[in-house]
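Below is one structure; the comments refer to it alone.
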Amino acid sequence: MSDMWKKMLVLAVGLLLLSIPLLAHHGTNISYDQQNPITLKGVMVDLRYANPHPQLFFDVIDASGKVTRWAGEVAPTPFTLQQGGWNKSRSMEALKPGTKITITLGPSRAGTPVGVVAKILNEKGEEILRGGGGAE
């Protein structure tokens, strides 16, 4: 193999290796159906305000009394939320365990009880968080 071909092969492999991290991040639109959001009433169980995306866990009780634990991914990063005024202490206070919420989310395309948060309302019906970084 000539030196030119070796150099081209090394360059091609290098470019491939550099592109892998770009492909590794999940795609929100691939994982969640944001075109067909659902709205659920639930009770907060836990909030994890951490990178790469804060997650919240809440219980939904159906008409028969069955409890389903749901997980919601808040699309922006904690840094983005903080820029919008939604810091960790505010999050922990507004979404503490036992808090009743109404949450609209893009459900998982896999059919699991998981979704990406579009907005969260408190028990009074006031919007407290909007997916994409918006906060009350």
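Only residues that are crowded, with 17+ Cβ neighbours inside 10 Å and either within 21 Å of Y32 (Cβ to Cβ) or at pLDDT below 85 (or both) were counted in the range 75-90, giving 5.
Let me confirm something: among T80, T104, T99, T39, which residue is among the polar types (S, T, N, Q) and more than 16 Å from the chain's Cα centre (by Cα)? Break it down into steps so the answer makes sense when it comes.
On the way: T80 fails: more than 16 Å from the chain's Cα centre (by Cα); T104 fails: more than 16 Å from the chain's Cα centre (by Cα); T39 fails: more than 16 Å from the chain's Cα centre (by Cα).
Result: T99 is the single residue among T80, T104, T99, T39 that is among the polar types (S, T, N, Q) and more than 16 Å from the chain's Cα centre (by Cα).
Yes/no per residue for (1) of a type in the set (F, W, Y); (2) under 18 Å from Y49 (Cβ atoms); (3) in contact (Cβ under 8 Å) with a residue 12 or more places away in the chain:
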{"site": "Q82", "(1), (2), (3)": "no, yes, no"}
{"site": "K88", "(1), (2), (3)": "no, yes, yes"}
{"site": "L95", "(1), (2), (3)": "no, yes, yes"}
{"site": "I101", "(1), (2), (3)": "no, yes, yes"}
{"site": "L105", "(1), (2), (3)": "no, yes, yes"}
{"site": "R109", "(1), (2), (3)": "no, no, yes"}
{"site": "P113", "(1), (2), (3)": "no, no, yes"}
{"site": "A118", "(1), (2), (3)": "no, no, yes"}
{"site": "E126", "(1), (2), (3)": "no, no, no"}
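Considering the range 62-74, the residues that are modelled with pLDDT of 95 or more and not small (G, A, S) include one that is surrounded by the fewest Cβ atoms within 10 Å (Cβ to Cβ), namely K66. The residue that is modelled with the lowest pLDDT, among those in the range 1-40 that are part of a helix (DSSP H, G or I) and among the polar types (S, T, N, Q), is S19.
The values are calculated or read from the model by the stated rules, or taken from the named source; none is laboratory data. From a predicted model like this one, the values you see are computed outputs, not experimental measurements. Quick reminder, even Gly has a Cβ in these numbers, built from the backbone with ideal geometry, and neighbours come from all protein chains shown.
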